[in-house]
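Below is one structure, written out as C-alpha cells; comments come after it.
The values are calculated or read from the model by the stated rules, or taken from the named source; none is laboratory data. Everything quoted here is computed from the prediction, not taken from an experiment. Don't worry about glycine lacking a Cβ; one is built from the backbone with ideal geometry, like all the others, and counts go over all protein chains shown.
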Amino acid sequence: MRILVTGGTGFTGKALVRRLLNDGHSVIAMDYKEGIKTQELRDWGAEVVIGSVTDREVVKQCMKGVEVVQHVAAAFREMNVPESYYDEVNVGGTRICLEEAMAAGVKKFIYCSTCGVHGNVKNPPTDEAHNIAPADYYQQTKYNAEPVVKSFHEKGLPCVILRPSAIYGPGDPERFFMIYRRAAKGVFPMFGGGKTLYHPVYIDNLVDAMVLAMAPGKGDGKVYLIADAEYIPIEDLVKRIGKAMGIDVKIKHYPVWPLVIAGHVCEKVCKPFKIAPPIFPRRVDWYRQNRAFDISAARRDLGYDPKVGLDEGLKRTFEWYKQEKYL
C-alpha cells in the first residue's frame, strides 16, 4: 500500500515509517522540518516531504495515490509560539488532512491523539470513556480534534483514534533522557512521595498498534488507549532505569509544591523573552499526576499485545543512548 505518515521525521513517525517500509509498503514521510538523521528515511526508501499539515496544497500533493493516512503530526512542546498555534496545527491541520484524504479517496485514517486528554487519573486505571480532563493547550487541542475525526468517519472515511501513553525507546533524545541522565549520577531528586503512577509505551509496541489499526474494518470509529502491559510508581520507574544501566540509584525526597510554584513562575518569566524555561508546569506534572490506563479495548478489538516489556525496553533505550553518545 501507499501510506502517508504526517510527522514522519519525528520520533514516533520515523519508527512507524521504518516498520511500514520493512513491511513492503510505499511511504511518504511528511513533516514541517527535518528531524534526527532524516537522511536515513530517504536511504531506507521513503519519500520525504518537508511541509506543514496547515499547508493545504502540500497536503493535497502528498495524498495522491495514498490508501492509508497515519496522522502523527502535532504541535508539541513548541517554544516561542502563541497558544493559538496549537489549535492551528492540532485541530486545523487535522481537519485539512481529513478533507484532503476524503477527497483523494483514502481508505483509512488513523489519528494519533494522546493519553493526556485524561489528565490526572483519579481512579486508576481509566478507560477511554472516563476521566476526560485535558490540562493544557496541547492536550486540549489534541482532544478537540477527536470529534472532527469522528465527524469524517460518519461521512464515510473510516477512522481510528489512538491515544498513546508516554512514548519512549531508541530514537528519542528527549522524553526519558532526562530521567536517565539524572539516574546515571546515582542519586535522583524525587519531588513528592514517588507513588504517582506512570504508564509508558515502548515505541515498538506503539508501532504495532498503529499497524494493526490499518486493517480494513478493524477499530473503525473507535478510540483506543495504547500503552504497555504495566504501569508503575515513578520511584519504581527510576530504580528500574537505574537497574537497566547497572546503577543502584538512591532516591532523595523533597516537597513538590515549591517545584510547582517554580514551574509556573519560570514559564511566565521566560515567555516574554522567548527563552525556554528550565522548568515548566507540564514537566512538574510528572511528579504528581497519575497516568494509568486500561488497554483491554485495544487488546480485544485490534489484537494489540505489547510484546516488549518494561525492563527490556529500558535496557534497549539505554543501549541507544550509549551508542549515540547521549550517555
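Of the helices (runs of 4 or more DSSP H) lying entirely inside region 154-255, none contains at least 3 residues that are acidic (Asp, Glu). Of the residues making up region 32-54, just one is of a type in the set (Asp, Glu) and either touching a strand residue (DSSP E or B) at 6+ places or on another chain (Cβ under 6 Å) or closer than 16 Å to Val66 by Cα (or both), namely Glu47. Here Gly116 meets each of (1) in contact with a helix residue (DSSP H, G or I) (Cβ under 8 Å, 6 or more places away or on another chain); (2) over 24 Å from Pro200 (Cβ atoms) with one exception, condition (2). Only residues that are under 19 Å from Phe191 (Cβ atoms), in contact with a strand residue (DSSP E or B) (Cβ under 9 Å, 6 or more places away or on another chain) and outside any loop (DSSP other than H, G, I, E, B) were counted in region 258-298, giving 6. Only a single item in (1) closer than 30 Å to Ala244 by Cβ; (2) touching a residue at least 40 places away in the same chain (Cβ under 8 Å); (3) in a helix (DSSP H, G or I) is not met by Gln139, and it is number (2). Note on region 109-135: residues that are closer than 21 Å to Ala75 by Cβ and not in a helix (DSSP H, G or I) total 11. The single condition among (1) modelled with pLDDT of 95 or more; (2) farther than 19 Å from Arg240 by Cα that Tyr180 does not satisfy is (2).
Determine the pairs where a residue that is closer than 13 Å to Lys243 by Cα and touching a residue at least 12 places away in the same chain (Cβ under 8 Å), located within region 301-327, has a partner that is surrounded by 16 or more Cβ atoms within 10 Å (Cβ to Cβ) and of a type in the set (Asp, Glu) with Cβ atoms under 7 Å apart, the partner being 6 or more residues away or on another chain. Sorted first by the residue in region 301-327, then by its partner, the pairs are Leu310/Asp228. From the list Ile241, Ile167, Ile226, Ile232, the one residue that fits, being in contact (Cβ under 8 Å) with a residue 24 or more places away in the chain, in contact with a His (Cβ under 9 Å, 6 or more places away or on another chain) and surrounded by 15 or more Cβ atoms within 10 Å (Cβ to Cβ), is Ile232. Here no helices (runs of 4 or more DSSP H) wholly within region 8-107 include at least 2 residues being surrounded by fewer than 17 Cβ atoms within 10 Å (Cβ to Cβ) and among the small types (Gly, Ala, Ser).
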